[in-house]
Each structure stands twice: as structure tokens, then as C-alpha cells.
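Notes for the one structure printed next.
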Amino acid sequence: MSESGALLDTSGRTVFRGDLSAPDPIPEAGVEAAVKLLRDGRLFRYGEDRNSIPEAALLEQEFADYTGRKYCLGVNSGGCSMFLALRACGVEPGDKVLVNAFTLAPVPGAIAHAGAEAVLVDIDERYVVDLDDLDRKAEQSGARFFLLSYMRGHIPDMDAVVALCERRGLVLIEDCAHTMGAGWNGKLTGGFGQVGCFSTQTFKHINSGEGGLLVTDDEDIAARAILLSGSYMLYAQHRARPPLEVFERHRYAMPNCSMRMSGLVAAILRSQLPLLEERNARWRHIYQVLAGELAAVDGIVLPQRPLKEEFTPSSLQFSFAKDALTDDQARRFVQEADVHGVHVKWFGAEDPVGFTSRHDHWRYVGGATEGSVPAADRVLHRLCDLRLPLWLSDEDCRIIAAVVAEAMAVARGTKVKACA
Ligand SMILES: *Cc1c(COP(=O)(O)O)cnc(C)c1O
């Protein structure tokens, strides 16, 4: 938590005093569970004592129930959950994996980790995968896998995505790092493809510092993922797992990649899972208030979000209106907002800054040459991102919007309107 509120600086400009990068604290129940585990030292997820049920196995059961999937596996990061999903679905070195170009660095990273080759697919003005380009690239590349990343929580038309994957025979793996609890037309993300992958890194919907969860209904994928994650031969201790005979089919073929979730991480997450719905409702409220304010700012446009997109926004994206700003003015805008307390991330910066890297920065991705995803180039050049911590009040949202509006006016050389 951090102290928020507004103040005017000596030149009458609005300043936001909260720290938008401050994470939300772990609930007391999680702190207590963690301390208890620390006291008895059982941090490793597998035990040789059969009497207690390990925290990780309980978390997996609870998350499988939450998502409505049969099987769940906890791992050490979201990136590793995607790597394991790819391997467990049969991706071999040299295979091609389609992926929407607007995503986070661990996504092409997971594909590279599996020895596979990412084929970037273009996006549209709603920041989601362009289905015509997906169809085209699927045909051109002959890829059999599609890693769909709901980057920053934006969800494409899932009826159309699933239909296309079925028609093209694509295995669909969902990257739900920003969509825990979000859905499309009444169905939760992570339930559309063969596998759903989640992250519990500090800036996602539930926070364990590092962590990932993988869900599936396919018993072979589940068994392979559990074995690959490094279960030694203790996989019987899992709860949200397939029957033991399924493991017999795979146990000699899967390497142990040591990507387990620790008991400590599981304990911290178990305390947060029951709060998810309430948190997501809070995020939707914050988004609505801030989006309403920002939509009124000259030079800014917000994406249209269809009614079927049931998003859970832990961040907010907006774009510069077409031709509203030159690159120099965009840099000025970011800087002006920053010195007045609002850290806006801009995806158009030449060099990657923090979390904000872009497809053309991932030079290890073959074929990611200029012009291969022209719409993504254009859209990301105008795209900005704001994190939404849960403690933001309606008043905080108004102050943030005022800072953004004033920074925009200064950058464009128009008159700064007095703050309301
Ligand atoms: C955070 C994130 C991931 C996974 O991140 P980890 O740090 O490996 O847990 C994957 N995809 C997206 C879009 C993300 O934002």
C-alpha cells in the first residue's frame, strides 16, 4: 500500500503521490500459513511422510476446481508453465509455434526454451490476434501449435479462435497470465484450449513473487507435464492428477526439468485464491472509473471492448490518437507524466524499458523482420500502459487522469486546462 492523493506543484500542475508500482500485500492468512511452513521446514512440495497433504497439492486441487478443469499443476513461473505445456503437447525442437506478436518476453522465451521457432501473428486495433493473419500464417508455416497470449488481459473472439484452431488442426495453448478469472461469453479463459497457463508473479492477479499454474483436461498432457516439472517418482502425491496408470505410459520418457512449485509459494497463493472474485470486481471498478476519465482526454483513444469480453483488468491500455504526437512529443508525454507521479509505459520506445519489450526487440526470433506484423508495428507504436494497483480510489483515478491530460497538453504544446 502507498500513500496517495494529489498536490499541485509550484507551477500549478497536478502531481500524483501514490506509487503505482507498489504491490498489494499478502493477506494475513497467507503470512500465517507461510510462517507455519517455515517453522516446520517443509518447503519442498513432496514429502516422504504420507500423513500431511502438501500445500501445493491442495492449491492444485483448488485451482482445478476454480477453473473447472480436471487437472492442475503448480510450477515455478508462468514462463515455465508455458514451456511445460508446449513440451507436454508434443512440441519438438524445430517445430513452429504461432504466437500473437503483442505479448510479454517470457512467451517467445518459452517457445525458444522448447527449442521451437516462434511465428509471429499480427494484431488488430483491439490489441488482440488478427484471425485472418492467424489463418494465413498457419497455412504458410504449417505450424501445428498456437500459443495464444491474452496480453494485458485482452481477449479475442474465442468462438472464432476455437473454430479456426479446429479447422486448421492447431493445438491451442492459452497464456492467461493477465486473465485469471476473466472469460469470454461466460466461459473462463484457460478452458478453451488443450492447456491454460497462468502466472502468479507479483504483478498478476494473485501474488507469490514467482509461480505458475497449468490446467488441462487431457490426462496424457497432465501426466507428461507433472513428470517434466520434476516430480521425481512422487507424482502419486498430487491430487488434481490423472490415474496412476496414465503415468506408466510416460514415466520413462520424460526428463525431470526441475520446475516445481515450492510449498511456501503454494501456501501464499492458497490464501489469495478465495479473494480473487472480489479483487477482480475491484479491478473492473477501477478500470471503469479511470477509463471514463481518460476517454475525455484529447489525443487519447481507448480500445472498444465487446460485451462478451469479461476482462479482469489489472492494468489499463490506451493509445495516442492517430497522428496526435510525434515520437519526440510521445517521449515528452511519458516524461511529463512520470515527473508528476504517473509512470506510463510506452510500447513505442526504441529500446525495451522494463517489462515493455516488443516483438522487434526479440532478435532471437527468426523471421521477426520488419514488416512481418505491420499492424502490430503501428498499434504498439501508439500504445501506452498503466498498472492498476488495487488500492486506487476513485479520487486517485481522477488525479491520474488529470496528470495524463496535463502531460498530453504540454507534450502537444496546447494549453494546460486547469485541473477540476
Ligand atoms: C507475466 C506474464 C507471463 C509469465 O511471466 P512469469 O514472469 O514467467 O511468471 C506470460 N505472459 C504474459 C502476457 C505475462 O504478462
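Quick notes on this structure:
- The set of residues in region 293-346 being in contact (Cβ under 8 Å) with a residue 40 or more places away in the chain, of a type in the set (D, E) and part of a helix (DSSP H, G or I) consists of E293, E336.
- Residue, farthest from the ligand (Cβ to nearest atom), within region 116-137, restricted to residues that are without any contact (Cβ under 8 Å) to a residue 60 or more places away in the chain and open to solvent by less than 10 Å² (accessible area, probe 1.4 Å): L134
- Hits in region 146-198 - residues which are in a strand (DSSP E or B), within 22 Å of A114 (Cβ to Cβ) and either free of Cβ contacts under 8 Å to residues at least 12 places away in the same chain or open to solvent by less than 10 Å² (accessible area, probe 1.4 Å) (or both): F146, L147, L148, S149, L172, I173, E174, V195, G196, C197, F198
- Lone qualifier among R331, R282 - being over 27 Å from T202 (Cβ atoms), modelled with pLDDT of 95 or more and among the basic types (K, R): R331
The rows are residues; the columns are (1) closer than 28 Å to G47 by Cβ; (2) more than 16 Å from the ligand (Cβ to nearest atom); (3) not small (G, A, S).
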position: N185; (1), (2), (3): no, yes, yes
position: G191; (1), (2), (3): no, yes, no
position: T200; (1), (2), (3): yes, no, yes
position: V215; (1), (2), (3): yes, no, yes
position: F247; (1), (2), (3): yes, yes, yes
position: M259; (1), (2), (3): yes, no, yes
position: L275; (1), (2), (3): yes, yes, yes
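- Some residue of region 74-91 being open to solvent by 20 Å² or more (accessible area, probe 1.4 Å), part of a helix (DSSP H, G or I) and more than 14 Å from the ligand (Cβ to nearest atom): yes
- Single unsatisfied condition, F333 versus (1) buried (at least 16 other Cβ atoms within 10 Å of the Cβ); (2) within 20 Å of the chain's Cα centre (by Cα): (2)
- Condition met for F102 (open to solvent by 50 Å² or more (accessible area, probe 1.4 Å) and either on the phi > 0 side of the Ramachandran plot or assigned to a loop (DSSP other than H, G, I, E, B) (or both)): no
A quick yes/no check of all residues on (1) more than 26 Å from A110 (Cα to Cα); (2) of a type in the set (S, T, N, Q):
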site	(1), (2)
L227	no, no
Y252	no, no
R260	no, no
E277	yes, no
N280	yes, yes
A295	yes, no
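The values are calculated or read from the model by the stated rules, or taken from the named source; none is laboratory data. Keep in mind it's a predicted model, so treat the numbers as computed, not measured. All Cβ positions, even for glycine, are placed from backbone atoms using ideal geometry, and neighbour counts span all protein chains on display. Calculation scope for accessible area: heavy atoms of the full protein, side chains included, ligands and nucleic acids excluded. Shrake-Rupley method; radii C 1.70, N 1.55, O 1.52, S 1.80 Å.
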